[in-house]
1. Along the three principal axes, how long is region A:163-294 when you take its alpha carbons, biggest first, rounded to the nearest angstrom?
2. Given all pairs of different Cα atoms, what value in angstroms does the Kirkwood hydrodynamic radius of region A:472-574 take?
3. Quick one: which residues, 5 or more positions from A:Phe76 or on another chain, have an amide H under 5 Å from its amide H? H modelled 1.01 Å from N in the peptide plane, none for Pro or chain starts.
4. What per residue convex hull volume, in Å³, comes out for region A:504-663 when only alpha-carbon positions are used?
5. Going from most exposed to least, what order do A:Ser557, A:Ser736 have by accessible area with a 1.4 Å probe?
6. List the residues of region A:447-475 whose backbone N lies under 12 Å from a point placed 7 Å from the Cα of A:Trp552 along the Cα-to-Cβ direction.
7. When all alpha-carbon pairs of region A:535-610 are counted, what percent fall beyond 17 Å?
8. Counting other Cβ atoms within 10 Å, which GluC sites (Glu not before Pro) in region A:233-292 have at most 14 and lie in a DSSP loop?
Amino acid sequence: MCCGDNALAYLDAHASWHDGAKRLSERDLSGFVRVQPDGSARAELAVEGVRCAACMAAIERGLGALPGIASARLNFSERRLAVSWMPGRTADLVAVIEKLEGLGYGAQPFDPRRADEPEKAELRRLVRALAVAGFASMNVMLLAVSVWAGNVSDMTAENRDFFHWMQALVALPAAAYAGQPFFQGAIRGLKAGRVTMDFPIALGVVATLVMSVFETATGAHHAYFDGAVMLLFFLLIGRVLDQTMRRKTRMLAENLAALRRDSAARVDENGRVQDVPVGELAAGDLVLVRPGERMPVDGLVERGTSQADMSLVTGETAPVALAAGDRVYAGALNFDGALTVRVTAAASGTFLDEVEALMSRALDIRSRILDLASRATRLYVPLVHAAAALTLLGWLLAGAGWHAAILNAVAVLIITCPCALGLAIPAVQVAAAGLLFRDGILLASGDALERFAAIDTVVFDKTGTLTLPEPRLAEGFATDPGLLETAARLALSSRHPMASALSQLAGERTPFAGAKEAAGLGVRAVVDGVEMRLGSPDFCGARAAAQAVLAWYPDASVICVRIGDGGPVALPVHQALRPDAIETVAALKRDGYRVTMLSGDRRSAVAAVAARLGIEDWSAELSPQDKIARIEALGREGRRVLMVGDGLNDAPALAAAHASLSPVTAAHVSQAAADAVFLGRSLEPVRTVLAVGRRARRIMMQNLWFAALYNVFAVPLAAAGFLTPLIAALAMSGSSVVVSLNAVRLRFDRSAPRPRPDAPAGRAPQQAAPALRAA
Amino acid sequence: MDVLVFMIPIATGLGLVGLCAFLWALRSGQYDDIEGAEYRVLQDD
């Protein structure tokens, strides 16, 4: 089991790409510490790199040795660490993080206000209800079986009544407690004017219990307490599974957010800089954005000049110059100058405002799509209630009297009570989510699966989706390996994001001693009397060389290197394709999907990528409106579109598409709009999601048909008055088990895509390095 | 069979004790870190 959890490992591997250039000792983290009522301080951290039992012991003992720490406890399943300090001691969170780094684990604190999660409370409530229902069904069944046996042998009437009253004593309070999720759901639905699946469940349980009490009071042979509590037990299993999946997804997403460090350096009125969670910033605050960092918030540049990569915002890869008064958006990557940014609320007329307006309209349209479960409910509820009403009428007309007529009508309600239907879809969703999770895909909602199944067109964004989010040295560029190594070691001293394309290639991971970075220009170092420079063409006197290289690589930027008096060399750096982008696009086309690319980037850059991938159908220089218009046009043609994108400019398109997918590096708004988020550098998840979606839908349909078939046999039986409690118990548990087992089949399907072989430990930059040197 | 009047409630009561024990365990966080617990049991400290 140790180290076997692929998704967590991808998460770890991913998070470490985001290591900012910020030095830890410069950070003031007191905003992440919460003071408990007894005066002690407490903080929670997301920890990456925890693999096995030894890690746990090392972390807890290592931190226990720090002064002032009262306790440090690692939650292994959640990869979260809770640290508390002794009362009266100042909480030195920086020391804790440094200690963890010394031990070899990355860690970032959580926003303390995120700690109380509604998901966790809901899960606990459901588990408690499940425990009560489980206890009740066991004990009631024990008594019920005795009565069934007694009815065909020599049980006295007094004993039978006593056993029935005992069942009532257990079942009534248990159902009142364990049935609450359904009762509340039914009432909420009715208030909103809808009949949800909770309604027939609540009605069935209440009717059964009332009838059973009446039967018991009149000394009848049969009571149906066992049926009512068993129904609740099975349905609660479905709910607990569903909630567990939601919570796991959310927990991982939160860890990821913390490790991506959603914090900002706030500058107070005295000029002091303090790290605070992004959620704590208010409009009007000043934030410092250092070179190499991403903008944490939207705002206006107050001081400083720099260049920024806005590709996460607009899809445009060419750097944009920024000066005081310019508007910046969260997610833009600051290049070479420090900026002071004043936080603004989303003002009307801005880019973000426009994106949000488009998005809310698209989400509104999508919310009107009925998922399989609601369609089944719509069909099922009136049918069941009609069947019960018909039974009642039929028996009355046949002259059977009120008692027999009501008894049989309630029997119809119990037997149709959607045990199988209630499990048919959630069980499949849970199994599919587990399968996707194993491959590093986090599903946002279960009903997305059936939408993935309907897809026939895949629309890709270019920047950050088909290409990797960080720049790389252009493929096929041949140069002296010694020079490249020198350039790479120089790049280690730079915070410029473009330098990271080179620094990944460094064989020796130590920067040159005495290397200095001049902001906006480059890095300079003197080794053995030889001056070496890495930076902009002007800084290296390499304008001519740069022009020549740019003519060959139209979609690249250049970074130049000069050693001593030798001629300067210009290195083309661009956003490389994801390692398996070509294969994935080809495979999608082979499988009969129409593949389209919609990008906000300039025409020449998009054309180059489209040619390499073999995508004939592409458009460039699109605004968010254009993108959403294209998606809607495809929808009007009857196409079911899967949108894969990461930028803020893709967010409306993600919301408008039939289904959507985002890489984990996507802008927050986009991730929130996407149906699933995938980790890692591979593009394979696009195919995985489509394949799993199709199989999940097939199994859901099988389950629904099975539930329908079950009702076709069971309803006439109940309506005819042949339903004894024994048959009801067998039918209900039998059908639930069949649907659940069918759902589990999804995990053992032979056609399941294999987990990707590229282990998270082998991150692509290191793998790519030898190949380039050989060239 | 008068003894049933005592035996059945006692049996149900025992089941109830088990339920309370589970709810207590849930409340006191015994199920919060199931993966960690399987390793912690092996630590000697």
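The values are calculated or read from the model by the stated rules, or taken from the named source; none is laboratory data. Quick caveat: nothing in here was measured; it's all calculated off a predicted structure. Heads up, the Cβs are rebuilt from the backbone with ideal geometry, glycines too, and the neighbour counts pull from every protein chain shown. Calculation scope for accessible area: heavy atoms of the full protein, side chains included, ligands and nucleic acids excluded. Shrake-Rupley method; radii C 1.70, N 1.55, O 1.52, S 1.80 Å.
1. 83, 28, 24
2. Numbers: mean 1/r = 0.0752 Å⁻¹.
So the Kirkwood estimate lands at 13.3 Å.
3. B:Gly36
4. Working: hull volume 24.4 nm³, N = 160.
In region A:504-663, the Cα convex hull volume per residue is 153 Å³.
5. If we order A:Ser557, A:Ser736 from most to least accessible, we get A:Ser557, A:Ser736.
6. Residues passing the 12 Å test: A:474-475.
7. Numbers: 1643 of 2850 pairs.
So the pairs more than 17 Å apart make up 58 percent of the total in region A:535-610.
8. Passing sites in region A:233-292 are A:Glu269.
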